[in-house]
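Taking it in order: structure first as structure tokens, then the write-up.
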Amino acid sequence: MTRTCLLLVMLVFFLTESWELKGQSSDPVFTDKQEWALGLRAGTGLLIAHKEELKYLNTGMYHSLELNYEKRVDGSHRWHNIYNYPSYGFSAIFSYHGDREKVGNSLSLSTFLSLPLVRASKDHNINLKLAGGGVYVQNPFDPLENHRNLAISTHLNIFVQLMIEYGYRLNEDWDASLGVQFNHFSNGSYLKPNTGINYAMVSAGLSRVFNRDQRASEIRDRYIPKTEWNVMASGSLRSPHINSSSQFAVGTLNFHFNRRFSRKFFATVGTDLVYNAANRRDLEIRYSKSPSRTDDFQLGVFGGVGMRFGKSSIVLTKGYTAVSYSGPTAGIYHRFAFRRQFRPDFFYHIGIFSNYFKANFLDVGLGYTINAK
């Protein structure tokens, strides 16, 4: 479900890249100030029971209350104009999951990026909001007291949100909005069981806007390379099976080549060498045999697409383990990641590595740009 939503997101931006939007906003004011806003959003929705065992949790409506702080880019970089002056910020979301005993409440803290898809006039716009962060869940799986909650097994988890939002300018100081969104909770298989929780929602928001339509008086252009050769090392910890309470080290060595084919998008191809110490333990539990240490290693090849925002990028790839043991992490795999350059030749990487739509492990690491031109 998450992968399908991300593919649709990138397709929408690709199709709208050449649109000429007219009457987008009122004339900007060139100043050193920056537009910002404080907002409140309330939402309600239903659990998406993508597995039979999750129907146990589907006992009531999901409700959320969100407080957010938002800033709009000031036009000081070329990508601000390419993406039609997006906004970014921080959110705190309190959620009730429909039953006080099974999941209870949760509190998430996240960052977000809101990308304008269409600005029909100065008063009407349609945006795509991407958010990610951490969430504390009140009642995770417990073998004695909450053994049927197979969705979440840890208090601390990852929170991801995708939203299509219609915004309306009430006046110079206030904005209102309506949204259709998808919320996802998971620990990335750090500890099992971990099927994850997904909600489909509708929401409404109200924001107080300050310094509306402020723009920087100077554009600081930055060179964006056409091609890049990169190497990256990443990893984390992973639980192999629901019957194992231990975590095992996972690491990847990644080589990839990027080629930009438009103002927003680039194609990427490469290889992954994966060391997954949980593989052998998983085979021992499933098949009661003593596997070889070579079962910890997998070699995969992949291709994908990315969107670039200045020093940051979002990447979605699909690959296949050409050399691998025959287990649940073999075969087709996906990686969704956020990357940001923090030095001219270095970037950090935060992502999720999955197999057949199931999270395999969290993926955190550093990368180095060997060559860019």
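List of remarks:
- Index of the failed condition, Leu107 passing every other in (1) surrounded by fewer than 14 Cβ atoms within 10 Å (Cβ to Cβ); (2) over 20 Å from Gly351 (Cα atoms): (1)
- Applying the condition of being over 18 Å from Arg335 (Cβ atoms) and either of a type in the set (Lys, Arg) or touching a strand residue (DSSP E or B) at 6+ places or on another chain (Cβ under 7 Å) (or both) to region 230-248 and asking which residue is modelled with the lowest pLDDT yields Pro240.
- Selection count where residues are in contact with a helix residue (DSSP H, G or I) (Cβ under 7 Å, 6 or more places away or on another chain) and closer than 19 Å to Ser239 by Cα, scope region 329-373: 3
- Failed criterion for Ile126 (all others in (1) over 22 Å from Ala359 (Cβ atoms); (2) β-branched (Val, Ile, Thr); (3) in contact (Cβ under 8 Å) with a residue 60 or more places away in the chain hold): (3)
- Test for Glu172: is it at pLDDT 95 or above and within 20 Å of Pro116 (Cβ to Cβ): no
- Test: residue in region 39-60 that is among the acidic types (Asp, Glu), modelled with pLDDT of 80 or more and either assigned by TED's automatic domain parsing to the domain that holds Gly104 or over 30 Å from Pro193 (Cα atoms) (or both): no
- Any hit, region 48-60, residues being touching a strand residue (DSSP E or B) at 6+ places or on another chain (Cβ under 9 Å) and part of a strand (DSSP E or B): no
- Test for Ser76: is it among the small types (Gly, Ala, Ser) and assigned to a strand (DSSP E or B): no
- Qualifying residue in region 92-101 (condition: in contact with a strand residue (DSSP E or B) (Cβ under 9 Å, 6 or more places away or on another chain) and aromatic (Phe, Trp, Tyr)): yes
- Of the residues making up region 183-202, those that are hydrophobic (A, V, I, L, M, F, W, C) and without any contact (Cβ under 8 Å) to a residue 60 or more places away in the chain number 1.
- Residue check for Asn183: under 16 Å from the mean Cα position of the chain (by Cα), part of a strand (DSSP E or B) and closer than 23 Å to Phe338 by Cβ: yes
- Search result, residues across region 93-102 that are in a loop (DSSP other than H, G, I, E, B) and out of contact with any helix residue (DSSP H, G or I) (no Cβ under 6 Å at 6 or more places or on another chain): His97, Gly98, Asp99, Arg100, Glu101
- Scanning region 339-362 for residues that are in a strand (DSSP E or B) and either crowded, with 18+ Cβ neighbours inside 10 Å or on the phi > 0 side of the Ramachandran plot (or both) turns up Arg339, Phe347, His349, Gly351, Ile352, Phe353, Ser354, Asn355, Ala359, Asn360, Phe361, Leu362.
- Of all residues in region 123-164 being outside any strand (DSSP E or B) and touching a Ser or Thr at 6+ places or on another chain (Cβ under 6 Å), the one that is surrounded by the most Cβ atoms within 10 Å (Cβ to Cβ): Ala151
- Of all residues making up region 89-101, the number that are out of contact with any Gly (no Cβ under 6 Å at 6 or more places or on another chain) and buried (at least 18 other Cβ atoms within 10 Å of the Cβ): 6
- Screening Leu67 with (1) among the hydrophobic types (A, V, I, L, M, F, W, C); (2) free of Cβ contacts under 8 Å to residues at least 60 places away in the same chain; (3) buried (at least 17 other Cβ atoms within 10 Å of the Cβ) gives one miss only, at (3).
The values are calculated or read from the model by the stated rules, or taken from the named source; none is laboratory data. Keep in mind the model is a prediction, meaning the values are calculated, not measured. Heads up, the Cβs are rebuilt from the backbone with ideal geometry, glycines too, and the neighbour counts pull from every protein chain shown.
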